[in-house]
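Working notes, structure below.
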Amino acid sequence: MGKLKDFLFTENFILVHGKPHIRGAYSVMLPIEMDSVIEDSTALKMEG
């Protein structure tokens, strides 16, 4: 299994949760956006 910071590189990233809603859209070229992706994906894991 990959580590939390292992992501496929792309300029744009969309995080969708299990109720087919978009959790967030990010421009991962910006470090602060990458931090948001990590935080949001961690929160989704905790929500189950």
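The values are calculated or read from the model by the stated rules, or taken from the named source; none is laboratory data. These numbers were taken from a predicted model, which means no experiment stands behind them. Counting neighbours? That spans all protein chains shown, and the Cβs are built from the backbone with ideal geometry, glycine included. The protein model used for the area step is the full one, side chains on, heavy atoms only, and it has no ligands, DNA or RNA in it. Shrake-Rupley method; radii C 1.70, N 1.55, O 1.52, S 1.80 Å.
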Next item on the list: Return the total of residues in region 18-48 being modelled with pLDDT of 80 or more, open to solvent by less than 60 Å² (accessible area, probe 1.4 Å) and touching a helix residue (DSSP H, G or I) at 6+ places or on another chain (Cβ under 9 Å).
Entry: 3
Notebook entry, point to check: In region 26-36, what residues are closer than 11 Å to ASN12 by Cβ and part of a helix (DSSP H, G or I)?
Noted result: GLU33
Checklist line | Total residues in region 7-17, condition farther than 15 Å from ALA43 by Cα, modelled with pLDDT of 65 or more and open to solvent by less than 100 Å² (accessible area, probe 1.4 Å) | finding: 2
